[in-house]
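A.B. asks: The structure's right below; bear with me while I get my questions together.
The values are calculated or read from the model by the stated rules, or taken from the named source; none is laboratory data. These numbers come from a predicted model, not from an experiment. Here Cβ is always computed from backbone atoms with ideal geometry, including for glycine, and neighbour counts include all displayed protein chains. The protein model used for the area step is the full one, side chains on, heavy atoms only, and it has no ligands, DNA or RNA in it. Shrake-Rupley method; radii C 1.70, N 1.55, O 1.52, S 1.80 Å.
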Amino acid sequence: MSFKDQIIQGIPASLPPKNLRNPEISHAPKRKEILSPEEKKLALINALRYFPKAWHRELAEEFAEELTKYGRIYMYRFMPEYRMYARAISEYPGKSEKAKAIMLMIQNNLDPAVAQHPEELITYGGNGAVFQNWAQYLLTMKYLAEMTEEQTLHMYSGHPMGLFPSSPQAPRVIVTNGMMIPNYSKPDDWEKHNALGVTQYGQMTAGSYMYIGPQGIVHGTTITVMNAFRKKLGSSISPKGKIFLTAGLGGMSGAQPKAGNIAGCITICAEINPSAAKKRHEQGWVDELITDMDQLIQRVQKAKKQEEVVSIAFLGNIVDVWERFDEENIFVELGSDQTSLHNPWAGGYYPVGLSFDESNLLMAENPEAFKEKVQESLRRQAAAINRHTAKGTYFFDYGNAFLLEASRAGAAVMAENEIDFRYPSYVQDILGPMCFDYGFGPFRWVCTSGKPEDLRKTDQIAAQVLKEIMKGSPASIQQQMQDNITWIEEAEKNRLVVGSQARILYADAEGRAKIAAAFNDAIANGEISAPIVLGRDHHDVSGTDSPYRETSNIYDGSKFTSDMAIHNVIGDSFRGATWVSIHNGGGVGWGEVMNGGFGMVLDGSKQAEINLKSMLFYDVNNGIARRAWARNSGSLEAIQREMDRTPNLKVTLPNLVDEDILKGLS
């Protein structure tokens with residue numbers, strides 16, 4: 001049966017043979033036992049409803065075994081036989097080019113070269129899922145192949161509820177993930193309802209089909225690390241021979257060593273999972289792989305002495321590195337952490353003193369003991385970091401809930417007021433005031449032809465557009481403009497593509513719209529051979545309400561509200577987005593954040609030009625307006641500038657209060 005026929009078939013007509021997991025790839029750890037006997041029956045009933053009744057007896061036994069063995073029902077039997085990767089858009093069956101583009105994006109998210117645990121349908125972050133099980137994948141791809149321009153597919157946490165009549169102007173897909181009632185949004189609520197098969201953790205771009213491999217975060221990490229060194233060293237001192245010490249090489253965190261190389265420093269990244277470390281080394285994302293601590297010490301001392309630019313993966317625990325570097329008096333200029341601490345009890349963070357396999361066994365068999373080990377490890381890690389910062393290290397929280405979970409573990413990470421953390425979030429110190437407040441955020445695109453020459457053409461177009469805009473840019477954004485021009489001009493040389501022919505850069509509303517319009521023109525005149533998918537990381541100006549990350553530099557008391565993310569998705573949906581998504585949860589954890597995102601297909605048409613101008617303008621300026629209302633100075637400047645050139649835009653601005661009048665008032 002051909003690839004197209006398998007897609008159109010959906011759930012197979014006859015029961016396929018039992019499928020075994022591939023032992024050569026990374027798999028999700030076993031999830032903890034959380035269902036009662038009655039709830040386990042309910043989970044089986046929920047899973048079996050995807051299949052004909054005649055199969056139920058055989059599948060019930062198999063799914064019960066999966067639930068016991070892995071803590072979830074993944075339906076391995078129904079994994080497709082074909083290779084999973086982003087094909088050229090012409091290879092997908094369908095009646096809608098937009099639906100074909102979405103199929104391409106879904107398969108890219110599940111490509112083993114891209115995904116963290118592909119057979120569990122997890123793209124990154126330990127639990128960031130595209131679907132809950134393989135039946136959902138099969139049905140979704142079938143629906144997309146059948147879809148017309150007058151239908152919309154509604155996705156309920158990985159489950160395709162169905163195709164509903166709509167209009168050509170409506171989004172082709174609406175995605176929600178983890179939309180729990182607020183009082184049922186604690187971590188154990190996710191464990192329970194995910195095990196039941198009724199919700200999932202979509203992360204930020206996994207469950208919205210917009211992940212483009214580690215490249216997506218390489219850029220943000222590069223911008224962060226470059227500006228962190230500027231804060232620490234001053235703009236005139238080179239980062240060569242200076243250390244950036246961090247942790248995590250799985251999923252998104254695997255981007256850190258590549259970003260460090262581009263920023264021009266020594267990057268040391270600890271990783272406890274051997275397959276993740278080896279995968280990044282084999283892919284060329286990290287230069288060297290070291291397994292012995294003494295060897296690491298010698299290598300780092302040499303790199304500092306010779307002022308090298310090099311990235312080193314250490315196969316071991318980050319706590320050991322922080323402590324040993326302290327003992328050896330190795331000065332660390334920058335420090336952070338990007339383990340998946342939003343998911344601390346199920347594989348997002350591995351405690352010091354236990355091997356990778358020992359940790360996986362303990363988290364499944366004795367979750368309470370595992371939790372104690374994790375919290376003990378966090379206390380040790382924070383104590384070691386504190387010793388380094390006393391020597392002058394600049395440490396920042398990378399929005400992975402490190403400081404949040406460390407504080408919950410009783411680590412010494414609180415400021416003197418016992419309200420704030422001792423160390424800033426990178427958004428508070430860097431990306432918020434330097435980028436988000438001015439509208440700069442992670443604009444990305446995918447060339448659906450799969451041709452490198454199309455991606456090369458988009459790089460050239462984007463660089464040309466940014467250079468033209470920079471001529472009239474205010475001084476406050478000149479540095480960001482130049483950083484992104486340099487980035488896009490060097491992108492191909494830095495070999496950032498994993499999976500689809502994709503690219504990312506940071507741009508404001510003007511930059512995004514002008515780049516997109518130039519792409520659309522190039523498609524129309526044949527310079528680019530197939531449609532382009534536009535999108536962004538949810539880690540952006542407007543799409544995400546996250547008090548410990550994206551909106552951590554909102555100081556008017558509203559950072560715990562999520563109106564902005566909801567308005568972002570609703571507003572994008574009727575301004576031309578091809579699909580929109582909203583998630584509970586993301587990089588900082590379930591119940592801690594709301595993430596909104598979009599995808600837009602450019603096909604060279606006049607309608608695409610209208611859509612991109614309307615939607616991209618709102619997608620960014622919605623967030624700038626909110627930040628301006630919170631009295632963020634950069635956003636006040638940016639939104640006033642936008643109102644001056646856009647007469648139709650009228651934003652409520654704050655009247656700033658002289659704090660002297662509040663003295664003595666209670």
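A.B. asks: Would region 393-416 turn up any residue that is open to solvent by 40 Å² or more (accessible area, probe 1.4 Å), among the aliphatic types (A, V, I, L, M) and over 22 Å from residue 235 (Cα atoms)? Step through it out loud before you land on a result.
C.D. replies: Within region 393-416, the first condition is being open to solvent by 40 Å² or more (accessible area, probe 1.4 Å), and the residues that meet it are 408, 410, 412, 414, 416.
Pick out the ones that are also among the aliphatic types (A, V, I, L, M) and you get 412, 414.
Next cut, over 22 Å from residue 235 (Cα atoms) only: 412, 414.
There is at least one residue in region 393-416 that is open to solvent by 40 Å² or more (accessible area, probe 1.4 Å), among the aliphatic types (A, V, I, L, M) and over 22 Å from residue 235 (Cα atoms).
A.B. asks: Would it be correct to say that residue 85 is out of contact with any helix residue (DSSP H, G or I) (no Cβ under 8 Å at 6 or more places or on another chain) and open to solvent by 10 Å² or more (accessible area, probe 1.4 Å)?
C.D. replies: On the way: out of contact with any helix residue (DSSP H, G or I) (no Cβ under 8 Å at 6 or more places or on another chain): no; open to solvent by 10 Å² or more (accessible area, probe 1.4 Å): yes.
It is false that residue 85 is out of contact with any helix residue (DSSP H, G or I) (no Cβ under 8 Å at 6 or more places or on another chain) and open to solvent by 10 Å² or more (accessible area, probe 1.4 Å).
A.B. asks: Please enumerate the residues belonging to region 518-556 that are open to solvent by 10 Å² or more (accessible area, probe 1.4 Å) and at pLDDT 95 or above.
C.D. replies: 518, 521, 523, 524, 525, 526, 527, 529, 530, 531, 556
A.B. asks: Please go through region 516-550 and give me each residue that is of a type in the set (Asp, Glu), more than 14 Å from residue 442 (Cα to Cα) and assigned to a loop (DSSP other than H, G, I, E, B), ordered by number.
C.D. replies: Going through region 516-550, the residues of a type in the set (Asp, Glu) turn out to be 521, 527, 537, 540, 545, 550.
Next, only the ones that are more than 14 Å from residue 442 (Cα to Cα) stay: 521, 527, 545.
Hit for region 516-550 is 527, nothing else.
A.B. asks: While we're looking at this one, here's another question. Which of the residues spanning region 231-260 are polar (S, T, N, Q) and at pLDDT 95 or above?
C.D. replies: Taking region 231-260 first, the residues polar (S, T, N, Q) are 235-236, 238, 246, 253, 256.
Once the filter is applied, which keeps residues that are polar (S, T, N, Q) and at pLDDT 95 or above, region 231-260 yields only 246.
A.B. asks: Test each condition in (1) open to solvent by 50 Å² or more (accessible area, probe 1.4 Å); (2) on the phi < 0 side of the Ramachandran plot for residue 449 and report the one that comes out false.
C.D. replies: (1)
A.B. asks: Separate question: Under the condition of being part of a helix (DSSP H, G or I) and in contact with a helix residue (DSSP H, G or I) (Cβ under 7 Å, 6 or more places away or on another chain), which residue from region 148-206 is surrounded by the most Cβ atoms within 10 Å (Cβ to Cβ)? Let's see the steps before the verdict.
C.D. replies: First, pick out the residues of region 148-206 that are part of a helix (DSSP H, G or I): 182-184, 187-196.
Then drop every residue that is not in contact with a helix residue (DSSP H, G or I) (Cβ under 7 Å, 6 or more places away or on another chain), which leaves 195-196.
Working: 195: 25, 196: 21.
By that ranking, first place goes to 195.
A.B. asks: Just checking, which of 309, 300 is open to solvent by 10 Å² or more (accessible area, probe 1.4 Å), more than 20 Å from the chain's Cα centre (by Cα) and at pLDDT 95 or above?
C.D. replies: Working: 300 fails: open to solvent by 10 Å² or more (accessible area, probe 1.4 Å).
Going through 309, 300 in turn, the sole match is 309.
A.B. asks: Identify the single condition in (1) in contact with a helix residue (DSSP H, G or I) (Cβ under 6 Å, 6 or more places away or on another chain); (2) over 23 Å from residue 126 (Cβ atoms) that residue 74 does not satisfy, given that it satisfies every other one.
C.D. replies: With (1) in contact with a helix residue (DSSP H, G or I) (Cβ under 6 Å, 6 or more places away or on another chain); (2) over 23 Å from residue 126 (Cβ atoms) applied to residue 74, the lone miss is (2).
A.B. asks: Here's another thing I want to ask about it. Taking the options 47, 28, 64, 54, name whichever one is more than 16 Å from residue 132 (Cα to Cα) and among the hydrophobic types (A, V, I, L, M, F, W, C). Before you say what the answer is, go through the steps one by one.
C.D. replies: Details: 47 fails: more than 16 Å from residue 132 (Cα to Cα); 28 fails: more than 16 Å from residue 132 (Cα to Cα); 64 fails: more than 16 Å from residue 132 (Cα to Cα).
Just a single option satisfies the conditions, and that option is 54.
A.B. asks: A follow-up question, please. Which residues, taken from region 100-123, are part of a strand (DSSP E or B) and either on the phi > 0 side of the Ramachandran plot or out of contact with any helix residue (DSSP H, G or I) (no Cβ under 6 Å at 6 or more places or on another chain) (or both)? Reasoning before the result, please.
C.D. replies: Here is the first cut: in region 100-123, the ones part of a strand (DSSP E or B) are 117, 122-123.
Across region 100-123, the qualifying residues are 117, 122.
A.B. asks: If we keep just the residues of region 124-140 that are of a type in the set (Gly, Ala, Ser) and assigned to a strand (DSSP E or B), which is surrounded by the fewest Cβ atoms within 10 Å (Cβ to Cβ)?
C.D. replies: Step one: list which residues in region 124-140 are of a type in the set (Gly, Ala, Ser), which gives 125-126, 128-129, 135.
From what is left, the residues that are assigned to a strand (DSSP E or B) are 128-129.
Values: 128: 32, 129: 29.
If we take residues in region 124-140 being of a type in the set (Gly, Ala, Ser) and assigned to a strand (DSSP E or B), then 129 is surrounded by the fewest Cβ atoms within 10 Å (Cβ to Cβ).
A.B. asks: When region 478-493 is examined, which residues are found to be of a type outside the set (D, E, K, R) and under 22 Å from residue 458 (Cβ atoms)? First the steps, then the outcome.
C.D. replies: Filtering region 478-493 down to residues of a type outside the set (D, E, K, R) leaves 478-482, 484-488, 491.
If the condition is that a residue be of a type outside the set (D, E, K, R) and under 22 Å from residue 458 (Cβ atoms), then 480, 481, 482, 484, 485, 486, 487, 488, 491 are the ones that fit.
A.B. asks: Check 90, 96 and return the single one that is open to solvent by less than 20 Å² (accessible area, probe 1.4 Å) and either touching a residue at least 40 places away in the same chain (Cβ under 8 Å) or more than 30 Å from residue 455 (Cα to Cα) (or both).
C.D. replies: After ruling out the rest, the residue left standing is 96.
A.B. asks: Within region 198-206, identify whether any single residue is over 30 Å from residue 504 (Cβ atoms) and under 23 Å from the mean Cα position of the chain (by Cα), and answer yes or no. Give the steps one after another, and end with the answer.
C.D. replies: Filtering region 198-206 for residues over 30 Å from residue 504 (Cβ atoms) gives 198.
Still in the running and under 23 Å from the mean Cα position of the chain (by Cα): 198.
Yes, region 198-206 has at least one match.
A.B. asks: Say whether the condition of being among the basic types (Lys, Arg) and at pLDDT below 95 is met by at least one residue in region 156-177. Full working, then the answer.
C.D. replies: From region 156-177, those among the basic types (Lys, Arg) are 172; that's our starting set.
Remaining after also requiring at pLDDT below 95: none.
No, region 156-177 has no match at all.
A.B. asks: Quick one: is residue 497 among the aliphatic types (A, V, I, L, M) and open to solvent by 10 Å² or more (accessible area, probe 1.4 Å)?
C.D. replies: Details: among the aliphatic types (A, V, I, L, M): yes; open to solvent by 10 Å² or more (accessible area, probe 1.4 Å): yes.
Judged against the criteria, residue 497 is a match.
A.B. asks: If the requirement is being in contact with a helix residue (DSSP H, G or I) (Cβ under 9 Å, 6 or more places away or on another chain) and in contact (Cβ under 8 Å) with a residue 60 or more places away in the chain, which of these qualifies: 216, 254, 260, 264? Give the steps one after another, and end with the answer.
C.D. replies: On the way: 254 fails: in contact (Cβ under 8 Å) with a residue 60 or more places away in the chain; 260 fails: in contact (Cβ under 8 Å) with a residue 60 or more places away in the chain; 264 fails: in contact (Cβ under 8 Å) with a residue 60 or more places away in the chain.
Within the list 216, 254, 260, 264, the selection yields 216.
A.B. asks: Could you tell me which numbered condition residue 242 fails, if it satisfies all but one of (1) open to solvent by less than 10 Å² (accessible area, probe 1.4 Å); (2) in contact with a Phe, Trp or Tyr (Cβ under 9 Å, 6 or more places away or on another chain); (3) farther than 30 Å from residue 573 by Cα?
C.D. replies: Evaluating residue 242 over (1) open to solvent by less than 10 Å² (accessible area, probe 1.4 Å); (2) in contact with a Phe, Trp or Tyr (Cβ under 9 Å, 6 or more places away or on another chain); (3) farther than 30 Å from residue 573 by Cα leaves (1) as the failure.
A.B. asks: Name the single residue that is surrounded by the most Cβ atoms within 10 Å (Cβ to Cβ) among those in region 2-37 being among the basic types (Lys, Arg) and modelled with pLDDT of 90 or more.
C.D. replies: At the first step, the residues of region 2-37 found to be among the basic types (Lys, Arg) are 4, 18, 21, 30-32.
Now drop any that are not modelled with pLDDT of 90 or more, which leaves 4, 18, 21, 30-31.
Numbers: 4: 13, 18: 10, 21: 13, 30: 18, 31: 21.
Looking at residues that are among the basic types (Lys, Arg) and modelled with pLDDT of 90 or more, I get 31.
A.B. asks: Only one of 328, 307 is farther than 27 Å from residue 380 by Cα and among the acidic types (Asp, Glu); which? Show your work before the answer.
C.D. replies: Numbers: 328 fails: farther than 27 Å from residue 380 by Cα.
Criteria check complete, one pass: 307.
A.B. asks: A further question follows. From the residues in region 627-636 that are open to solvent by less than 30 Å² (accessible area, probe 1.4 Å) and aliphatic (A, V, I, L, M), which one is nearest to residue 551 (Cα to Cα)?
C.D. replies: Residues of region 627-636 open to solvent by less than 30 Å² (accessible area, probe 1.4 Å): 627-628, 630, 632, 634-635.
Next, only the ones that are aliphatic (A, V, I, L, M) stay: 628, 630.
On the way: 628: 12, 630: 11 Å.
Per the stated criteria, the residue is 630.
A.B. asks: While we're on this one: Are any residues in region 443-458 of a type in the set (D, E, K, R) and either in contact with a Leu (Cβ under 9 Å, 6 or more places away or on another chain) or closer than 13 Å to residue 511 by Cβ (or both), and if so, which ones?
C.D. replies: 444
A.B. asks: Given the structure, is residue 341 within 22 Å of residue 586 (Cα to Cα) and open to solvent by less than 10 Å² (accessible area, probe 1.4 Å)?
C.D. replies: On the way: within 22 Å of residue 586 (Cα to Cα): yes; open to solvent by less than 10 Å² (accessible area, probe 1.4 Å): yes.
So residue 341 fits the description; yes.
Here's the yes/no breakdown for (1) touching a residue at least 60 places away in the same chain (Cβ under 8 Å); (2) within 29 Å of residue 499 (Cα to Cα); (3) open to solvent by 10 Å² or more (accessible area, probe 1.4 Å):
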| site | (1), (2), (3) |
| --- | --- |
| 289 | no, yes, yes |
| 325 | yes, no, no |
| 333 | yes, no, yes |
| 363 | yes, no, no |
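A.B. asks: Could you grab me the full set of residues in region 597-627 that are of a type in the set (Gly, Ala, Ser), in contact with a Gly (Cβ under 9 Å, 6 or more places away or on another chain), in a helix (DSSP H, G or I) and more than 23 Å from residue 529 (Cα to Cα)?
C.D. replies: Hits for region 597-627 are 614, 623.
A.B. asks: Going by the structure shown, is residue 639 open to solvent by less than 30 Å² (accessible area, probe 1.4 Å) and of a type in the set (A, V, I, L, M)?
C.D. replies: On the way: open to solvent by less than 30 Å² (accessible area, probe 1.4 Å): yes; of a type in the set (A, V, I, L, M): yes.
Taking the combined requirement at face value, the residue satisfies it.
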